[in-house]
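Visitor: I have a structure here, written as structure tokens, and I will follow up with some questions on it.
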Amino acid sequence: MNDPAETDSSVAVGSVSIEQIAADWLAAEGDLARGSGNPQQAEVTARDLSARYDEAIRTASREDLRLAWEAARVLQAATEMGSEEWAGARRLSELLRGEYLALSPSEPAAS
């Protein structure tokens, strides 16, 4: 992910932000779908990143998810509208928006 998303709104899980984990996972899924590189390694990478993403989302608070979504929106705003990079940033922001909206305000994060 590009530097514009590395704002104060970035929420870290360990040393990596939720939005970075999500961006890496979406990129790995895209590589797998396109069949680029080593297909077996691409599948292993995508599964590993999917597990990391699931863990990050499961343990995040609603505020963490909101901040991750905000950081993804900053990234999207910093890219040229209509470009492939913008489309990827849009997928990321919509994914994190959905995660934020799915966690009801009264629902605590899993521990």
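The values are calculated or read from the model by the stated rules, or taken from the named source; none is laboratory data. Remember, predicted model here, so these are calculated numbers, not experimental data. We place every Cβ from the backbone using ideal geometry, glycine too, and count neighbours over all the protein chains shown.
Visitor: Taking residue 40 and the conditions (1) modelled with pLDDT of 95 or more; (2) loosely packed, with under 14 Cβ neighbours inside 10 Å; (3) not hydrophobic (A, V, I, L, M, F, W, C), which numbered condition does it fall short on, given that it satisfies the others?
Guide: (1)
Visitor: Check whether at least one residue in region 48-56 is buried (at least 19 other Cβ atoms within 10 Å of the Cβ), more than 16 Å from residue 29 (Cβ to Cβ) and of a type outside the set (A, V, I, L, M, F, W, C), and report yes or no.
Guide: No.
Visitor: If you don't mind, another one. Within region 89-111, which residues are at pLDDT below 95 and within 18 Å of residue 17 (Cβ to Cβ)?
Guide: 103, 109 - these are the residues of region 89-111 that are at pLDDT below 95 and within 18 Å of residue 17 (Cβ to Cβ).
Visitor: Out of (1) modelled with pLDDT of 90 or more; (2) surrounded by 17 or more Cβ atoms within 10 Å (Cβ to Cβ), what's the single condition that is false for residue 11?
Guide: Single failed check for residue 11: (1).
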